[in-house]
Amino acid sequence: MPLRPLLIFLVLLAAGQPAGAALDAEARLEAQREVFRRALPLAEAGRWGEVEPLLGDLQGYVLLPDLRAAWLRTRLGRIDDAEVGAFLAAHEGLGFAPGLRRQWARSLASRQRWAEYLALYEAHFARADDTVLACHAFSARLALGRLDGLAAAVRQRWLAPASQPEACDPAFAWLQREGGIDPATRRARVQLALEAGEFRLARWLARPLGDSELAAIARRQEMHEDPLGRLVRPASWHDTPEGRELLHYGFRRLAATHPEIAAGRWPYFRDRFSFSTAARAEIEQRIALIHAWRHLPGAAGLLDALPAAAQDEDTRAWRARIALRAQDWAALERALDAMPAAEAQEPTWRYWRARLLESTGRSDEARAVYATLSGERGYYSFLAADHLNAPYAWQDAPTAPRDDVLAALAQRPDVRRSRELFLVGLESYGRGEWQDVLTQLDPAARAQAGILASRWGWHSRAITAATVAGANDDLGLRFPLAWQPAFEQYSGQAGIDTAWALGVARSESLFIPDARSVAGALGLMQLMPATGRQLAREAGLPWGGAAMLVDPETNIALGITYLAQMLGRFGDHRVLATAAYNAGPTRVDRWLPEQGALPADAWVDSMPYRETRNYVQRVLASEAVFRWRLSGETARLTDAMPPVPARAVP
């Protein structure tokens, strides 16, 4: 029997069904899933007549309402709205309901069914941050004469830094006619647009305000585009509120584009203009931090010279990061001593306290700090254990299965729906419904739900269930050996470690096959479509579009190929390859030391991007856990962390 049906069969047995009945029930379910998979595209195409002959085979199947929902989406505006409302009322809380209800709301608005729209909006969307629906609600209130408080609500929506959707135009036009957009309100939105860099919108908004306002916007845009050329001579500027505000903006821009020039020019302007204490502190902090992020000369001095008003957690951390990158232990000690107690007790700084103690001959003190830190589990704890040659504190505490709880969970209709959505390929709906299930369970039952999800092979939901249950030491649930055969096959072919590939996939997507990032990366190993297309071409695979990347096996194959390319690109240095997988190889090249090799732990902690620092640490720690789970052996982090070589001279 294939693995997934076998697991479900075992769950049915746990529910108390005899073996024969369990097999029959699972066989019937699998048959219904296949029918559902055939029926869904027909319903989505609006071809209900072709769905009807299949309904007899789907009687009692928990996803039957999803077919009707798919068909209703194609018929909005052509069927009685009462039917849609009744259907949604009967299936409140199911995964398809929010999307269908939103589409229905837009359909009502497009047909100007304002009374029905407003009732739906106020019942379900009034607290949602949806500008289009909110503006349709304004139109509904205008049409129905419900004007109490409307001007204030429309004004609040109008005061946005970016252009708003066309749906807002009627309400905004009404507000203008009613005198609700006075010059002060208009100037407020112009300022918001300028702060967001929306110069075209700012100019459009400022037209009624006159030429002087337009000229001020033009000066702001010139400063935005060429701060280097504008911030030349203090004598060409006037010490007025408007002048100081523009200079403040310009130096923020110049610090980002030419930080070293900004550092040189700022004192001349600072000493000749009456900037506020807060404005001076902000500019000086920005110049210093950008120097630190880019590893520019003089960064340490700039940070040390910041006034107390400009010192915060970021500046204190970067004083320490600069020192550890320079291996300047005295400077690192001063930086750590300057941290408040709560910051100094973070694992990062506890580890570096031990490193500086060890490096300055205070071995006994260092061992005491390492010993305390190594009793935990995580990146810095593993490094601390390596310095002591001590075992890792895995602290694995598997959750004991409770057959009665598992059986009760498996019979819950909402759990059955979540499972079926996962099994038929509607995993995104399933995740939402699964999350609703977890909110209804106590912590102990949540952990059991994690076991159930793990037995189904729904790895991401096993992780989330363990997390919300507080079962952080159940490493089997939190670090599942997901798609293990595929990871082992393609890792073996690429010559890389399976545990490393698993650590990357878990860190990238939490093992969600259809994961999509804001930037558009897809799948388990979060590949951009352009990267996937190039990798497929190199592998001789036909490219079927971005949809290929949500197929787990294809994504694993291509992701591991790219990971292996990064490893080759950086001379088999796993730390650099991991950073390149996240931030790109060009950035990693820029972050390499200019002269001399640097200890890998110092290089990781002095990378400019917080996201990449955390990512590399997470992947390396996860790799250690996966290696232990796969082999029972401890792979020392430091074995994968040789010194980082200096940047090659072109």
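Values quoted throughout were computed directly from the atomic coordinates according to the rules given, and no laboratory measurement underlies them. What you are looking at is a predicted structure, and each value in this text was computed from that prediction instead of being measured. Methodologically, a virtual Cβ is constructed for each residue, glycine included, from the backbone with ideal geometry; neighbour enumeration extends over all protein chains shown.
Give the order of TRP394, TRP174 when sorted by the count of other beta carbons within 10 angstrom, beginning with the fewest. Provide the component values of the computation, followed by the final result.
Details: TRP394 14, TRP174 18.
Sorted ascending by nearby Cβ count, the order is TRP394, TRP174.
Normalise the Cα radius of gyration of segment 183-222 by 2.2 N^0.38 Å (N = residues in it) and let me know the number.
Working: Rg = 8.7 Å, N = 40, 2.2 N^0.38 = 8.9 Å.
Against the empirical 2.2 N^0.38 Å value, I get 0.97 for segment 183-222.
Using 0.36 nm times the number of residues separating THR131 and ALA256, minus their current alpha carbon distance, what extension gain do you get?
Values: separation 125, 0.36 × 125 = 45.00 nm, distance 3.23 nm.
Residue separation times 0.36 nm, minus the Cα-Cα distance, leaves 41.8 nm.
Give me log10 I(q)/I(0) at q = 0.17, 0.18 Å⁻¹ for segment 503-650, Debye formula, one equal scatterer per alpha-carbon, no solvent.
The computed values of log10 I(q)/I(0) come out as -1.00, -1.09.
Rounded to two decimal places and with Rh computed the Kirkwood way over Cα pairs, what is Rg over Rh for segment 3-177?
Details: Rg = 22.3 Å, Rh = 19.2 Å.
A ratio of 1.16.
Let me understand segment 517-603 better: what is its radius of gyration from the alpha carbons, and its Dmax, in angstrom?
So, for segment 517-603, Rg and Dmax equal 14.5, 46 Å respectively.
Subtract the Cα-Cα distance of GLN176 and GLN112 from 0.36 nm times their separation in residues, and report this length gain in nm to one decimal. Before the final figure, lay out the partial values.
Working: separation 64, 0.36 × 64 = 23.04 nm, distance 2.22 nm.
Length gained, GLN176 through GLN112: 20.8 nm.
If each residue's Cβ is checked for other Cβ atoms within 10 Å, how do TRP603, TRP349, TRP204 rank with the fewest at the top? Show your work: numbers first, answer last.
Numbers: TRP603 24, TRP349 20, TRP204 13.
Going from sparsest to densest Cβ surroundings: TRP204, TRP349, TRP603.
Taking 0.36 nm per residue of sequence separation and subtracting the Cα-Cα distance, how much length would be gained by fully extending the chain between GLN345 and ALA184, in nm to one decimal? Display every interim value, and only then the final one.
Numbers: separation 161, 0.36 × 161 = 57.96 nm, distance 4.85 nm.
This chain segment gains 53.1 nm when fully extended.
Efficiency by 1/(1 + (r/R0)^6): what FRET value for ALA278 and LEU209, r their Cβ-Cβ distance, R0 = 25 Å, to the nearest 0.05?
On the way: r = 28 Å, r/R0 = 1.12.
The value I calculate is 0.35.
Radius of gyration and Dmax for segment 403-472's Cα atoms, expressed in Å?
That works out to 10.6, 30 Å for Rg and Dmax.
Suppose R0 equals 60 Å. What FRET efficiency, 1/(1 + (r/R0)^6) with r the Cβ-Cβ distance, do GLU611 and LEU55 give to the nearest 0.05?
Numbers: r = 49 Å, r/R0 = 0.81.
Efficiency, from the Cβ-Cβ distance: 0.80.
Rounded, prolate or oblate: which one fits segment 384-532, using the alpha carbon gyration tensor with axes a ≥ b ≥ c (rounded when a/c is under 1.5, else prolate when a/b beats b/c, else oblate)?
Working: a/c = 2.07, a/b = 1.19, b/c = 1.74.
Verdict is oblate for segment 384-532.
Translational diffusion coefficient of segment 104-225 at 37 °C, 0.692 mPa s, Stokes-Einstein with Kirkwood Rh over Cα pairs, in µm²/s as a whole number. Don't jump to the answer; show the numbers that get you there.
Details: Rh = 15.5 Å.
Here the translational diffusion coefficient equals 211 µm²/s.
Considering amide H positions built from the backbone, and no H for Pro or chain starts, which residues 5 or more places from VAL644, or on another chain, come under 5 Å of its amide H?
LEU598, ALA600
When the C-alpha atoms of segment 563-650 are aligned to their principal axes, what extent does each axis show, in angstrom, from largest down?
Computed over the Cα atoms, the extents are 44, 24, 23 Å.
Divide the volume of the convex hull of the Cα atoms of segment 51-150 by its number of residues and quote the answer in cubic angstrom per residue.
Taking only Cα atoms, segment 51-150 has a hull volume of 99 Å³ per residue.
Express the relative contact order of segment 469-562 as a whole percentage, based on alpha carbon pairs under 8 Å and six or more residues apart in sequence. Intermediate values should be presented prior to the final figure.
On the way: 107 pairs, mean separation 23.1, N = 94.
Once normalised by length, the contact order is 25 percent.
Would you mind ranking SER110, SER381 so that the residue whose beta carbon has the fewest other beta carbons within 10 Å leads the list?
Numbers: SER110 13, SER381 23.
Sorted ascending by nearby Cβ count, the order is SER110, SER381.
State the volume of the convex hull built on the alpha-carbon positions of the chain, expressed per residue in Å³ and rounded to an integer.
207 Å³
Hey, what's the per residue convex hull volume over the C-alpha atoms of segment 232-369, in cubic angstrom?
Numbers: hull volume 13.7 nm³, N = 138.
For segment 232-369, the hull spanned by Cα atoms encloses 99 Å³ per residue.
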